[in-house]
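What follows is one structure encoded as structure tokens, with my remarks underneath.
The values are calculated or read from the model by the stated rules, or taken from the named source; none is laboratory data. Source: prediction; values computed, not measured. Cβ: placed from backbone, ideal geometry, glycine included. Neighbour counts: every protein chain shown.
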Amino acid sequence: MARKNYDAAVTNSPLISAADYGTGANKIYIKNNSTTASNSVQVELGSTNLVLGKLYGGDWAFFPYEGTNDIDITTSGSNVVVEYMVIYES
């Protein structure tokens with residue numbers, strides 16, 4: 001489990017690098033630890049930043065991850081803490 005604190009809003013900021021993981025039955029957990037519902041985290045996939053969804057304050061996601069594309073995020077504001085974890089096959 002890891003955490004990143006974003007003191008300012010970011011756009012297409014790398015969170016998880018595909019180069020760090022092989023392909024397989026990987027899983028991703030991401031949580032927006034903000035207590036303010038309006039502080040959102042947009043989860044994006046790959047170099048085209050395909051939007052997977054938006055996590056509002058307190059929201060979390062758990063999804064399969066093939067490990068072939070990076071996971072980036074865009075935050076709506078400042079002081080957003082993102083908690084994340086990659087469960088992977090080696």
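Looking only at region 23-35, filter to residues that are in a loop (DSSP other than H, G, I, E, B) and in contact with a Gly (Cβ under 7 Å, 6 or more places away or on another chain); which one of those is farthest from Glu66 (Cα to Cα)?
Initial filter on region 23-35 (in a loop (DSSP other than H, G, I, E, B)): 23-25, 33-35.
From what is left, the residues that are in contact with a Gly (Cβ under 7 Å, 6 or more places away or on another chain) are 23-24, 34-35.
Details: Thr23: 5, Gly24: 6, Ser34: 28, Thr35: 31 Å.
That would be Thr35.
Looking only at region 36-60, how many residues end up being more than 13 Å from Val10 (Cα to Cα), assigned to a loop (DSSP other than H, G, I, E, B) and touching a strand residue (DSSP E or B) at 6+ places or on another chain (Cβ under 8 Å)?
Step one: list which residues in region 36-60 are more than 13 Å from Val10 (Cα to Cα), which gives 36-38, 45-60.
Checking which are assigned to a loop (DSSP other than H, G, I, E, B) leaves us with 36-38, 46-49, 56-59.
The next check asks that each one be touching a strand residue (DSSP E or B) at 6+ places or on another chain (Cβ under 8 Å); those that pass are 49, 56-59.
Here the count works out to 5.
Cβ-Cβ below 8 Å, separation at least six or inter-chain, first residue in region 31-60 and within 21 Å of Ser78 (Cβ to Cβ), second of a type in the set (Val, Ile, Thr) and in a loop (DSSP other than H, G, I, E, B): which pairs?
Qualifying pairs under 8 Å: Gly57/Thr35; Gly57/Thr36; Gly58/Thr35.
Test Asp20 against the stated conditions and say whether it is closer than 17 Å to Ser90 by Cα and not small (Gly, Ala, Ser). Working first, answer last.
Working: closer than 17 Å to Ser90 by Cα: yes; not small (Gly, Ala, Ser): yes.
For Asp20, the condition - closer than 17 Å to Ser90 by Cα and not small (Gly, Ala, Ser) - is met.
Give region 7-56 a look and list any residue that's over 11 Å from the mean Cα position of the chain (by Cα), modelled with pLDDT of 95 or more and hydroxyl-bearing (Ser, Thr, Tyr), or say none.
Answer for region 7-56, where residues must be over 11 Å from the mean Cα position of the chain (by Cα), modelled with pLDDT of 95 or more and hydroxyl-bearing (Ser, Thr, Tyr): Thr11, Ser40, Tyr56.
Every residue in region 69-90 that is among the aromatic types (Phe, Trp, Tyr) and buried (at least 18 other Cβ atoms within 10 Å of the Cβ), please. Step through it out loud before you land on a result.
From region 69-90, those among the aromatic types (Phe, Trp, Tyr) are 84, 88; that's our starting set.
Within region 69-90, Tyr84 is the sole residue that qualifies.
What tally of residues in region 5-17 results from selecting those that are surrounded by fewer than 14 Cβ atoms within 10 Å (Cβ to Cβ) and either among the charged types (D, E, K, R) or in a loop (DSSP other than H, G, I, E, B) (or both)? Please lay out each step first, then the result.
First, pick out the residues of region 5-17 that are surrounded by fewer than 14 Cβ atoms within 10 Å (Cβ to Cβ): 5, 7-8, 11-12, 14, 17.
Narrowing further to those that are either among the charged types (D, E, K, R) or in a loop (DSSP other than H, G, I, E, B) (or both): 7-8, 11-12, 17.
The total comes to 5.
Mind checking which residues of region 56-75 are under 15 Å from Asn5 (Cβ atoms) and out of contact with any Phe, Trp or Tyr (no Cβ under 8 Å at 6 or more places or on another chain)?
Of all residues in region 56-75, those under 15 Å from Asn5 (Cβ atoms) come to 57, 73, 75.
Within region 56-75, Gly57, Ile73 qualify.
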